[in-house]
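A short write-up of the structure that comes next.
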Amino acid sequence: MVFRGKPSKACQRCRDRKLRCDLRKPTCTSCLRVGLKCTGYRDTETLRISDQTQAVRSKALSKRPASTPSKSSQAPFKLSHLPLDLQAQARELFFAYYIADFSKGWDFLYPYFDPRLAPEHLSLSIDAASLAFLSHQVSSPSARNLGRQKYVAAIHELNTALQSVRTARKPTIFEASLLLDLFEKITNPATASDGTYRAHVDGAMALVKLRGLGHFTDNASLRALARLSLNAVICCLSKGDPIPSEIFDIRKHIAQFIDVSDPKWRLGGISIEMTDLVSERPDGALTPDERVRKCMELDKQLEQVALEASPTWSYERIFLSADDKRDMALDGFYDVYSTRQVTQMWNVLRLMRILLCEEIIDSSLTPPSGEYSADPRYATSAIASMVQEICASVPQMTDCEGAARHKLPPSGVNRQGSVHTHTTPHFLDAYILIFSLYIAAWSRNCPERSRDWVIAQLSRIAEHFGVKEAAIVVETLRRRDEKRRIGPWDAYRLLGSYAFAA
C-alpha cells in the first residue's frame, strides 16, 4: 500500500481544468456559471491509501513475453459520481442568489428551502420559479422546459387546494400565487396578453380579501403583502390601468408596521399617483393644465425624497485621474453605492423624474389656459441632470478593469484586457442598469453625447456580460424613427418587469 499524498476534493471539471473549486453544495460556482452539471466532490478519506497490488503485478507481467491478458488482469470498472439534479441546482441558485442576494423581499420563503417542509403546491411553485431563474441566467432550454412542467403541475395542485375555503386561506396558497406570477414575468416578459399579465396578481389580491388583512401581521406575511402591493402597482403603471382600491387598503395596513419615511416606500406612493396620469380613468381624462400641475407636483415630491434620504441611502462620488483615458465614465466621475438595492432605488427615482419632465415638455406645446404653465427649460435641465446621474451609476458595475474589478472572481482577476468570467451577482448588477439606461437614451431631451455613451454602455453589457436583452434595447434605440422604438413600459416588460426589481 502506497501513500499518494493529499488528493483534491474538487469536482471532476475543476480538477481537469486545474481550477480552484469552491466546493459549494449542491454544485460548485464554476460549473454553475457555465451551465454544466457538477460531478460532485470526492471523499478524500477513501482515496488517500491506494491499493497498488494490481499496478505492481502489471509491471511484473510486462517484463514477461506478451500474452493474451487474463480476465483478472483487466482494470476494474470505475464508477463516477452521479451528476447533481437540475432541480436541486436551480433551487440552490434561486435561494443563494435571487432571494438572499438580489431581491431580499422574498426572504419569507426561507423556511421552505427544503422541499420536504413545504406543501406540494408551494414546493412546485418554488421549483418553477427556480428553474425559470436558472434558465434566464444560463440560457438553459432544459431548465426552461422542466420549469414549465413544474408550473403546470403547481397550477393543478393550487386549483385543487382552492376547492376548500379553509385551505385557500393558508399563507402558502398566497405565497404560491406570487411565485407563479414571478415565473410568468421571467419566462414570458414580452408576450403576455393584458389578461394573463396580471392574472396571478389578481388571484393573489382575491386571496388577501378572502383571508383578511388582519391576518397579515408577522414579518413574513407583511413582506409577502408588500411584494404583492409593489407588483400590482407596477402592473397598473405599465399597462395604463387604474389602481384597484384594494391597493390603498393594503398600503394603509402595511404602514402601521414599517418606517413610512423609507425612500423606497415613498417612491411606491408616488408611483400610485403617477399611474393616475397614464391610466384611462373612467371619470374622464385630466385637462392639460391639470396634467401639468400634477406632473410638477410629483416631480417636486421626488426631488424632496432625494433631499431627505437618510445617510443609509447616500453614495460617494469618485473623480477619475487625468491619466485615465478610458471612456468608462461619461463626465470624468462615477458614483459608488453601498448596495445594488440602493443603486436601483436612486435610478428608479431618476427615471420617474425623466418621464414626468417629458410630460411637462410635451404639455408646453399646448397654450396654457390656467395658472400652471409648463416650464420646458426647467424640465430639460432636470432631464439632463438625471441622465448624468444614471450614467454615473454605471462604472461601479461594469468597469471590470477599474471600479468593478473587485467584483471579479479570484480566477478572473488577471492582467488588464484579459478575458475573465463574472459571478452571478455581478451579472445581476449589470442587468439592473438596463432599464434606467434605456429611459435615459429614450428621452427625446437626452443630450446627444449622453445618448451615444448610453448606447455604447448597453452594447458593452450585451457583449461583455452576455445579456441578450441589452442587445435588444440597443437595437431599438438605434432606430431613427421614434415610432418604431418600444415605449418605456414595453421595454420594462421585455426585461422581466418587477421580477428583476432589487
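Only one of the listed residues (Ala75, Ala60) is more than 44 Å from the chain's Cα centre (by Cα), at pLDDT below 95 and in a helix (DSSP H, G or I). That residue is Ala60. Output the residues belonging to the stretch 82-106 that are outside any helix (DSSP H, G or I) and within 22 Å of Cys11 (Cα to Cα). Hits for the stretch 82-106 are Leu82, Pro83, Leu84, Asp85. Just one of the listed residues (Ala100, Ala128, Ala153) is outside the structural domain of Gly466 (by TED's automatic domain parsing) and at pLDDT below 95, namely Ala100. Evaluated against (1) modelled with pLDDT under 90; (2) outside any loop (DSSP other than H, G, I, E, B), Leu109 falls short on exactly one condition, (1). There is no residue in the stretch 155-169 that is among the hydrophobic types (A, V, I, L, M, F, W, C) and within 13 Å of Leu131 (Cβ to Cβ).
Going by the conditions given, is Thr68 assigned to a loop (DSSP other than H, G, I, E, B), at pLDDT 80 or above, over 21 Å from the mean Cα position of the chain (by Cα) and of a type in the set (Ser, Thr, Tyr)? Considered against the rule, which asks whether it is assigned to a loop (DSSP other than H, G, I, E, B), at pLDDT 80 or above, over 21 Å from the mean Cα position of the chain (by Cα) and of a type in the set (Ser, Thr, Tyr), Thr68 comes out as no. Picking from residues in the stretch 1-46 that are surrounded by 11 or more Cβ atoms within 10 Å (Cβ to Cβ) and of a type in the set (Val, Ile, Thr), the one that is modelled with the lowest pLDDT is Thr44. Do we have any residue at all in the stretch 320-340 that's in contact (Cβ under 8 Å) with a residue 12 or more places away in the chain, more than 22 Å from Ala501 (Cα to Cα), outside the structural domain of Ala100 (by TED's automatic domain parsing) and hydroxyl-bearing (Ser, Thr, Tyr)? Scanning the stretch 320-340 turns up at least one residue that is in contact (Cβ under 8 Å) with a residue 12 or more places away in the chain, more than 22 Å from Ala501 (Cα to Cα), outside the structural domain of Ala100 (by TED's automatic domain parsing) and hydroxyl-bearing (Ser, Thr, Tyr).
For Ala456, the criteria (1) modelled with pLDDT under 95; (2) part of a helix (DSSP H, G or I) hold in every case but one, which is (1). Of all residues being under 19 Å from Tyr492 (Cα atoms), touching a Pro at 6+ places or on another chain (Cβ under 8 Å) and part of a helix (DSSP H, G or I) in the stretch 214-266, which is modelled with the highest pLDDT? Just the residue, please. Per the stated criteria, the residue is Ala232.
State yes or no: is Met296 more than 26 Å from the chain's Cα centre (by Cα) and surrounded by 19 or more Cβ atoms within 10 Å (Cβ to Cβ)?
In short, yes.
Beta carbons closer than 8 Å, at least 6 apart along the sequence or on distinct chains, pair a first residue in the stretch 454-468 that is in contact (Cβ under 8 Å) with a residue 40 or more places away in the chain with a second that is acidic (Asp, Glu) and not in a helix (DSSP H, G or I) for Ala456/Asp327.
Within the stretch 137-154, being buried (at least 16 other Cβ atoms within 10 Å of the Cβ) and in contact with a helix residue (DSSP H, G or I) (Cβ under 7 Å, 6 or more places away or on another chain) holds for Gln137, Ser140, Ala143, Arg144, Leu146, Gly147, Lys150, Tyr151, Ala153, Ala154. Is there a residue being at pLDDT 95 or above and outside any helix (DSSP H, G or I) anywhere in the stretch 480-487? Checked against the condition, which is being at pLDDT 95 or above and outside any helix (DSSP H, G or I), the stretch 480-487 yields no hits at all.
Residues that are touching a residue at least 40 places away in the same chain (Cβ under 8 Å), buried (at least 16 other Cβ atoms within 10 Å of the Cβ) and not in a loop (DSSP other than H, G, I, E, B) within the stretch 194-212 comprise Tyr197, Met205, Val208, Arg211, listed in sequence order.
The values are calculated or read from the model by the stated rules, or taken from the named source; none is laboratory data. What you see is a predicted model, and the numbers here were worked out from it, not measured in a lab. So basically every Cβ, Gly included, is an ideal-geometry build from the backbone, and we count neighbours across all protein chains shown.
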